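A short worksheet on the structure shown next.
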Protein chains: 4
Amino acid sequence: MSTTGRNFGSDNTTPAAPEVIEAIAAANTGSLHAYGDDPYTARLTALASELFETDVAIYPVTTGTAANALALSVLTPPYGAVYCHETAHIATDECGAPEFYTAGAKIVGLPSPDGKILPAQLDAPLRHAADMGVHHVRPAALSLTQATEWGTVYAPGEVQALSAAAHAHGLGVHMDGARIANAIAHLGSSPAEITWRSGVDVLSLGATKNGAMAAEAVVFFDRARAEGFAARRKRAGHLWSKMRFLSVQLIACLEAGRWLRNAGHANAMAARLAAGLGLLPGVRMVQPVQANELFVTLPDRVIEALLAEGFEFYRWTAPAGTSGPVIRLVTSFCTEATDVDAFVAAAGRYAVDQDARS
Amino acid sequence: MSTTGRNFGSDNTTPAAPEVIEAIAAANTGSLHAYGDDPYTARLTALASELFETDVAIYPVTTGTAANALALSVLTPPYGAVYCHETAHIATDECGAPEFYTAGAKIVGLPSPDGKILPAQLDAPLRHAADMGVHHVRPAALSLTQATEWGTVYAPGEVQALSAAAHAHGLGVHMDGARIANAIAHLGSSPAEITWRSGVDVLSLGATKNGAMAAEAVVFFDRARAEGFAARRKRAGHLWSKMRFLSVQLIACLEAGRWLRNAGHANAMAARLAAGLGLLPGVRMVQPVQANELFVTLPDRVIEALLAEGFEFYRWTAPAGTSGPVIRLVTSFCTEATDVDAFVAAAGRYAVDQDARS
Amino acid sequence: MSTTGRNFGSDNTTPAAPEVIEAIAAANTGSLHAYGDDPYTARLTALASELFETDVAIYPVTTGTAANALALSVLTPPYGAVYCHETAHIATDECGAPEFYTAGAKIVGLPSPDGKILPAQLDAPLRHAADMGVHHVRPAALSLTQATEWGTVYAPGEVQALSAAAHAHGLGVHMDGARIANAIAHLGSSPAEITWRSGVDVLSLGATKNGAMAAEAVVFFDRARAEGFAARRKRAGHLWSKMRFLSVQLIACLEAGRWLRNAGHANAMAARLAAGLGLLPGVRMVQPVQANELFVTLPDRVIEALLAEGFEFYRWTAPAGTSGPVIRLVTSFCTEATDVDAFVAAAGRYAVDQDARS
Amino acid sequence: MSTTGRNFGSDNTTPAAPEVIEAIAAANTGSLHAYGDDPYTARLTALASELFETDVAIYPVTTGTAANALALSVLTPPYGAVYCHETAHIATDECGAPEFYTAGAKIVGLPSPDGKILPAQLDAPLRHAADMGVHHVRPAALSLTQATEWGTVYAPGEVQALSAAAHAHGLGVHMDGARIANAIAHLGSSPAEITWRSGVDVLSLGATKNGAMAAEAVVFFDRARAEGFAARRKRAGHLWSKMRFLSVQLIACLEAGRWLRNAGHANAMAARLAAGLGLLPGVRMVQPVQANELFVTLPDRVIEALLAEGFEFYRWTAPAGTSGPVIRLVTSFCTEATDVDAFVAAAGRYAVDQDARS
């Protein structure tokens, strides 16, 4: 068991925010109708509709993988193609969940150095699919990750341009918002603006990395899109009987702006870390630091020394066009400034040593 | 929102046991490795191995539907058949989850008046499958529900005979133990005796109905059977990142015999309810009351009066060979004797009225 | 290898009709665009549209199992239920193909003594599904087998009543027409009358049992229903590159009324067989003989003697309410009157012997 | 309808070889047991075992897509990864059939300029999969296309090296042999040498492009690998009832060396085409011409003129590192030398014109 202070490995190694646990405890009174027919779940729908400024259909589930795979299952037929960035979680980290839930659709990864894709990248694959006719999977959906796997953030205009390109070809638009709070906190835009007002049809709304115990949600901005979704969630085993305990987690995160405060804090800690590390010799950010993830190239010897001292983080594959060892550092709602400063201090110690030797 | 006291609708309308919430709160400290690489999950495996008197592989998941469907996915190929009672949860209440997780296996329901199946019932379908060869789905697994959907309980000898018949034909044996604690409490047998010592290969170990917030587990008694299971759980979106919060629920239930105490209480409340109702005119139990469910035939007028008074329960389809209106009453770990007595008193009032009129 | 003359085992042990082989040979000239973009396939669509008196979309495939499973895959979502007779080919003889192609829908068999189902039989399961909500698979389609697996035939009015009940609940209607030609030949109705004019949405049009080498077709009467079907056929590996050879088989069967002549012959041979056997002591038809299948109860000793003499047929499970050994006899487009008479004579010999002894 | 002579579009626009049609007609006598229990199918197994010099299990099916997808379904679990060249038919031309048949496995394309992959290309993805653990699909199979989609041919040593790398990591080895006869004819190796003696576990044996009407086969060199395959074929709707007509096509192709003679002819025509075109100004082969496909860069004006004159072929995406318009020309068992010479002459006419102008 590591202490919190030295863990920069992932925002899912965190505990839950205290308010989430309190909300769970507070909901633990008396019997309630099961499966979502309870006042907490009704309250969640109202709260989400208010936050997104439109009447949404919101379906809580336990994990981000479930949210993504279920969301895609209504956007693509089994013979469809879903386009996304080649590093997208749905493409690389879900053990084939999207293929499972969609009954075999193909996840097509598009490359780019910074985790974002551009509308023009859809042109060639969509033209190829049209040329190939029945022999090729049918283009069905675009999935955007916000913030991206490289810690970068799509601006509303970027999402709009991508959605417009997708919709022009009949593709639905999914947003994997495992870290959408970090993106919104960075952009300062409204939740509506970065989602449905920019053309997003279905959102995986993340909360677990940002303070929940285990709570995500699939949000439909056009409720007609949700046809059949309740049945899909049930047959996937993702319908909680004691649903109140899932709904209250999301309420605790969303109400009173807590999700954005938590995410803003994580972003600030990332920025502080970037600022501190950026001053060190041989250290360089290989991506813009916009959300709560840093990708940093630094000397191998420094990496080893930091790991040896008990700091936790992962080595990462360098982005296209970059060389040298890269590490990923992730901050969270419970990262403290002193944790950051300790890391910077340690890195500084080893980097300077290193520098002196070279 | 109903009060607890009048709700006999289901054991999944209950809150969580206080100890479960306390365990969750107590685990909410510091960062931990995600996805089950944490000390709580290790403790759970040790505890379950101790309870079942053998080294088990135990995989926590959130719902009983997930536990069942995942368990079956390793027992049958896509072209397989799974035999169970025609009222089994996997056959009727999971919106096709077993078909989804097994990639299309067939769930074959066998009839019987009391929810239990007999070894001889396998003969005809297995012979038919053998005759039909490649045209027929291949017999692959037997799934037993313990306690059954009719509130009855298989004795160890009954499970042994069924397992022996299944194994003789190469079928794996699954036990849907959504209410296994109630069965064990009734039988007074050990957890080992009623499961692997009686031939069960894979168990869906239920906890949610018996005090957990949302926690079940798939338990493999032969760990080799679990090959690939971790991948199946992940791609189903059932691998919690903050796994500790799932593991501690199960620990809280299993340790210090709490699961059996809770279940024993629920059973006792059911027995008290049966004893009270059994004295009333026109009231009859249509199944033996062995666990925490009662199936009762009573005059329609009485049913309506009880519902009108705010008691909650479901009307039920009468078992084969029975006529008249039937209701299901379910007790739980938090049913109180005064709740039971109030129900009996009300029923008595209406039943006697009814009797006087007739 | 058995001779044709003594084989009453199945209509799929037949060779192809000579005209089918001739049509294949005649189409074997020059290169043609692949995958159905050829004049033969265009001719097939025109011919089928003429025969069914409406513009159909027709998709040739190789087997009846493929036709049925593909047809159902557009009528039901993965979380759907398909209702059919409990003896339907889709329920018992396709090794789970419908479950595979529909990604896990549930095939629900309804009982009846004669292979036909009645509209009222849908009431209880549809009501139960409505009561169960998200926990139950969603009613999605009705599949009728024409002629049925018991050799009986639905009259147009019967199909209309069933379709009306199905459509009233939003279910699509599929007809498994593996032996539809036999049904039409029996009824004397038009192909249109017994299909779309009676409410059938999608038809599996059989030809293999009735003279083709290996050719069936999925026929959509409402072409909008065929959306996505071409992709489903391709990804199932059922799109022939040299499609002409599949299309000409169907053309050879359908043109000049050959399918109905062939089927009419098979039916006449079945009637002749029934007439001959019906005179024998101890022999009884257990179903009306309407198409090309007979189900006959006769003394076990006679069955053994016939098999010993080299006749081929299957013993069959007796229909509900019938006792005694039952055999199935199937005639085909190439059964000859002398074959029938030889069978009757042999049966007569043994039956009389038997009678004399008893 | 194009004449054969000008069609260089694909080897699947061909008719069937006359011997195949003759074999079908010759088998059209009398009744035979259905579903493969017939002497032709037995003969096919014997013939294939003789040709491959080992006891094989061979399963005829109708299309190459079916053969590939079925073969892969026994090599990978649903949570598996199948590695292949990025242009492989299974990756790009089967509308997701592999994903469908494997219940959602991931097809991972590896790049290379000439359609062949190298053992070292497996290193990075296998290491990445190992690092990622349960979050990543599990490496399960390697699929090699022989001849490749770029008309190139793996030498036995190349297949051996790839198979060794695959087996070292527990991956099964599949060969998509849609054009394996062309590869064998080019190599002069034995069928055994280029398949199981080089480590191939399962082969999709193509015949349709090389003279059959519609016949391919899945060949298992280790018959234990075929466990469950018969059921998979049946439930896919790929088990012909009148199987003799599928088996005789394969027999007609394989016996008396016809498949290799046909393929050798197609290869010779390709070589003749390459030789003729290679002399023209501005014309260049962009891949080695080893089997029956040519990839040629030539001036756009020439391409347009040839198409206008009625020649049929496809424009193709240039391989990595090549620029300019590229066309694909395919020869077949029924391409005649005069067809080739006419094409070369026409191309020469336009190329020289072109040259004169430039």
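The values are calculated or read from the model by the stated rules, or taken from the named source; none is laboratory data. All values derive from a computational prediction rather than experimental measurement. Neighbour counts run over all protein chains shown; Cβ positions are idealised from the backbone, glycine included. For the accessible areas, the whole protein counts, side chains as well, though only heavy atoms, and no ligand, DNA or RNA atoms are used. Shrake-Rupley method; radii C 1.70, N 1.55, O 1.52, S 1.80 Å.
Descriptive notes on the structure:
- The set of residues in the stretch B:217-250 being among the acidic types (Asp, Glu) and more than 10 Å from every other protein chain (Cβ to nearest Cβ) consists of B:Asp222 alone.
- Meets criteria (touching a helix residue (DSSP H, G or I) at 6+ places or on another chain (Cβ under 9 Å) and either aromatic (Phe, Trp, Tyr) or within 14 Å of chain B (Cβ to nearest Cβ) (or both)) for C:Thr87: no
- Residues located in the stretch C:6-35, provided they are of a type in the set (Gly, Ala, Ser), more than 8 Å from chain D (Cβ to nearest Cβ) and open to solvent by 20 Å² or more (accessible area, probe 1.4 Å): C:Ala23, C:Ala26
- Selection count, the stretch C:131-150, where residues are of a type outside the set (S, T, N, Q) and part of a strand (DSSP E or B): 6
- Sole exception among (1) aliphatic (A, V, I, L, M); (2) without any contact (Cβ under 8 Å) to a residue 40 or more places away in the chain; (3) more than 9 Å from every other protein chain (Cβ to nearest Cβ) for C:Ala129, by number: (2)
- For the stretch A:168-185, a residue qualifies if it is in a loop (DSSP other than H, G, I, E, B), in contact (Cβ under 8 Å) with a residue 60 or more places away in the chain, in contact with a helix residue (DSSP H, G or I) (Cβ under 7 Å, 6 or more places away or on another chain) and closer than 24 Å to A:Gly80 by Cα, and exactly one does: A:Ala178.
- Scanning the stretch D:38-69 for residues that are in a helix (DSSP H, G or I) and touching a Lys or Arg at 6+ places or on another chain (Cβ under 6 Å) yields one hit, D:Tyr40.
- Summed over the stretch B:259-288, residues that are touching a residue at least 60 places away in the same chain (Cβ under 8 Å) and either open to solvent by less than 50 Å² (accessible area, probe 1.4 Å) or at positive phi (or both) total 16.
- Residue in the stretch A:70-78 that is within 9 Å of chain B (Cβ to nearest Cβ), outside any loop (DSSP other than H, G, I, E, B) and without any contact (Cβ under 8 Å) to a residue 24 or more places away in the chain present: no
- Single match in B:Thr148, B:Thr102 (criterion: facing chain C (nearest Cβ under 10 Å) and polar (S, T, N, Q)): B:Thr102
- Residue list for the stretch A:203-225, filter: of a type in the set (A, V, I, L, M) and either without any contact (Cβ under 8 Å) to a residue 40 or more places away in the chain or open to solvent by 10 Å² or more (accessible area, probe 1.4 Å) (or both): A:Ala224
- Number of positions in the stretch C:314-333 that are within 13 Å of C:Trp150 (Cβ to Cβ) and either without any contact (Cβ under 8 Å) to a residue 12 or more places away in the chain or not in a strand (DSSP E or B) (or both): 6
- Tally of residues being open to solvent by less than 40 Å² (accessible area, probe 1.4 Å) and either over 22 Å from the mean Cα position of the chain (by Cα) or hydrophobic (A, V, I, L, M, F, W, C) (or both) across the stretch C:36-53: 7
- Residue match in the stretch B:103-123 (condition: open to solvent by less than 10 Å² (accessible area, probe 1.4 Å), part of a helix (DSSP H, G or I) and over 30 Å from B:Ala231 (Cα atoms)): yes
- From D:Thr63, D:Thr45, residue being within 12 Å of another protein chain (Cβ to nearest Cβ) and either out of contact with any strand residue (DSSP E or B) (no Cβ under 6 Å at 6 or more places or on another chain) or over 18 Å from D:Met213 (Cβ atoms) (or both): D:Thr63
- When C:Ala81, C:Ala67 are screened for being within 27 Å of C:Trp240 (Cβ to Cβ), of a type outside the set (S, T, N, Q) and open to solvent by less than 20 Å² (accessible area, probe 1.4 Å), only C:Ala67 passes.
- Sole exception among (1) among the aliphatic types (A, V, I, L, M); (2) in contact with a Phe, Trp or Tyr (Cβ under 9 Å, 6 or more places away or on another chain); (3) at negative phi for B:Ala178, by number: (2)
- Sub-9 Å Cβ pairs linking a first residue in the stretch A:37-52 that is closer than 18 Å to A:Pro191 by Cα and in contact (Cβ under 8 Å) with a residue 40 or more places away in the chain to a second residue that is open to solvent by 20 Å² or more (accessible area, probe 1.4 Å) and not in a helix (DSSP H, G or I), at least 6 apart or interchain, are A:Leu51/A:Ser190; A:Phe52/A:Ser190; A:Phe52/A:Phe221, ordered by first then second residue.
- Exclusive hit being surrounded by fewer than 24 Cβ atoms within 10 Å (Cβ to Cβ) and either modelled with pLDDT under 95 or more than 21 Å from the chain's Cα centre (by Cα) (or both), set A:Ala256, A:Ala192, A:Ala236: A:Ala256
- Test: B:Phe311 is buried (at least 21 other Cβ atoms within 10 Å of the Cβ), within 30 Å of B:Pro325 (Cβ to Cβ) and touching a residue at least 12 places away in the same chain (Cβ under 8 Å): yes
- Verdict on D:Thr338 being among the β-branched types (Val, Ile, Thr) and open to solvent by 10 Å² or more (accessible area, probe 1.4 Å): yes
- All conditions in (1) modelled with pLDDT under 95; (2) touching a Pro at 6+ places or on another chain (Cβ under 7 Å) hold for C:Ile303, with the sole exception of (1).
For every residue, the table says whether it meets (1) under 30 Å from D:His89 (Cβ atoms); (2) open to solvent by less than 10 Å² (accessible area, probe 1.4 Å); (3) touching a His at 6+ places or on another chain (Cβ under 8 Å).
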site: A:Ala130; (1), (2), (3): yes, no, no
site: A:Val137; (1), (2), (3): yes, yes, no
site: A:Leu142; (1), (2), (3): yes, yes, yes
site: A:Trp150; (1), (2), (3): no, no, no
site: A:Gly172; (1), (2), (3): yes, yes, no
site: A:Ala183; (1), (2), (3): no, yes, no
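- Selection of first residues in the stretch C:334-347 that are without any contact (Cβ under 8 Å) to a residue 60 or more places away in the chain and of second residues that are open to solvent by less than 50 Å² (accessible area, probe 1.4 Å), restricted to Cβ pairs under 8 Å at least 6 apart or on distinct chains, gives the following pairs, ordered by first then second residue: C:Ala346/C:Ala305; C:Ala346/C:Leu306; C:Ala346/C:Phe311.
- For the stretch C:90-126, a residue qualifies if it is touching a Gly at 6+ places or on another chain (Cβ under 7 Å) and under 14 Å from C:Glu149 (Cβ atoms), and the qualifying residues are C:Ala91, C:Pro113.
- Restricting D:Val159, D:Val200, D:Val153 to those that are free of Cβ contacts under 8 Å to residues at least 60 places away in the same chain and assigned to a loop (DSSP other than H, G, I, E, B) reduces the list to D:Val200.
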